[in-house]
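A.B. asks: So that we are looking at the same thing, I have put the structure below in structure tokens.
The values are calculated or read from the model by the stated rules, or taken from the named source; none is laboratory data. Everything numeric in this text was worked out from a predicted model, so none of it was measured. Because the Cβ atoms are built from the backbone with ideal geometry, glycine has one as well, and the counts that use them run over all protein chains shown.
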């Protein structure tokens, strides 16, 4: 039977907090222990990239690329539309991590393509990309656990 990595890390953190921490006598050592606990808690959800997180990012990138291409098509920037569509098609369908990596590359290609355009044409195409990047930053931060810096500094 395989025990999920998350369960193992949760057990280590619980043991450190409940059994080890009460017996750590010095402020410095307690601070170091809290730092280790903080790292473990944040590592827990990053050891293996979760498929759901990849699916959310892929869907967001797909939507942003499609919206950017549509804005460029409406503005008559057919060559730029074709470059973005080709970059989007270049992302593999599977596995999820490779798909996301391909879509990230497509987003970069879209940004480079949009940056080469007239500012008036670029603005409408840049907006969905900007929204995707802002949402992705929030998704990345959402998996972080609250910081234990206060406990670490107190020791």
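A.B. asks: So is residue 93 in a helix (DSSP H, G or I) and in contact with a helix residue (DSSP H, G or I) (Cβ under 7 Å, 6 or more places away or on another chain) or not?
C.D. replies: For residue 93, the condition - in a helix (DSSP H, G or I) and in contact with a helix residue (DSSP H, G or I) (Cβ under 7 Å, 6 or more places away or on another chain) - is not met.
A.B. asks: Identify, please: which residue in segment 92-115 is over 19 Å from residue 50 (Cβ atoms) and in contact (Cβ under 8 Å) with a residue 12 or more places away in the chain and is, among those, surrounded by the most Cβ atoms within 10 Å (Cβ to Cβ)?
C.D. replies: Only one residue fits best here, namely 110.
A.B. asks: Can you pull out the residues in segment 75-86 that are in a loop (DSSP other than H, G, I, E, B) and surrounded by 14 or more Cβ atoms within 10 Å (Cβ to Cβ)?
C.D. replies: Hits for segment 75-86 are 75, 77.
A.B. asks: Additional query: Quick one: residue 108 ticks every box in (1) under 27 Å from residue 136 (Cβ atoms); (2) in contact with a helix residue (DSSP H, G or I) (Cβ under 8 Å, 6 or more places away or on another chain); (3) in a helix (DSSP H, G or I) bar one, so which box is it?
C.D. replies: Checking residue 108 against (1) under 27 Å from residue 136 (Cβ atoms); (2) in contact with a helix residue (DSSP H, G or I) (Cβ under 8 Å, 6 or more places away or on another chain); (3) in a helix (DSSP H, G or I), the one that fails is (2).
A.B. asks: Please go through segment 131-153 and pick out each residue that is at pLDDT below 80 and under 11 Å from the mean Cα position of the chain (by Cα).
C.D. replies: Within segment 131-153, 143, 144 qualify.
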